[in-house]
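One structure is given below, encoded as structure tokens.
We did not get these values from a lab; they are worked out from the coordinates using the rules stated. Since this is a predicted model, take the numbers as computed values, not measurements. Cβ sites come from the backbone with ideal geometry, for glycine too, and all protein chains shown count toward neighbours.
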Amino acid sequence: MITVSINYILSVTAIVFFIGLFGVILNRKNVLTILMSLELLLLGINLNFAALSVYLDDVVGHIFVLFILTIAAAESAIGLAIITIFYRLKNSIELKPIKKRLTNKI
């Protein structure tokens, strides 16, 4: 059986988390890319919880993983529904029209 150290697993989860974070920070035009980056953020957190739960022999991490998966599924379903409605209204999913509207009202 191949054993993997906890340091390797935690470094992989940190890399996945920071890829998602950079995707959210650097990409401000496309809504779908932002949603995918948010999913990467949640995946990194889930992997971290699962790895530490196995390493510490505790069930609480697995319970948190289930809660986060449920929240991520709801978030992606609601986000895609909002994107679909916005595309039907504006024929685009860029964030520029949303930002212009928000800045004009403030």
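By the combined test of axial Cα extent (at least 15 Å) and Kyte-Doolittle hydropathy (mean at least 0.0), the qualifying DSSP H helices of the chain come to 6-26, 31-56, 60-90.
Taking Cβ atoms as reference points and 13 Å as the exclusive limit, the residues near residue 50 contribute a net charge of -2, counting Lys and Arg as +1 and Asp and Glu as -1. Peptides 34-45, 56-67 ranked from most to least packed, by the mean per-residue count of other Cβ atoms within 10 Å: 34-45, 56-67.
Based on DSSP H runs of at least 4 residues, each adding -39500 (n - 2.57), what is the mean residue ellipticity at 222 nm of the chain after dividing by all its residues, to the nearest 500 deg cm²/dmol?
Taking each H run of at least 4 residues, the total per residue is -29000 deg cm²/dmol.
May I ask you to derive the relative contact order of the range 6-105, considering only C-alpha pairs under 8 Å and at least 6 residues apart, and to give it as an integer percent? Result for the range 6-105 is 27 percent.
In summary, the convex hull built on the alpha carbon positions of the range 6-105 has an orientation-averaged projected area of 7.3 nm². Remark on residue 27: its backbone amide H falls under 5 Å from none of the residues 5 or more positions apart or on other chains, H modelled at 1.01 Å from N.
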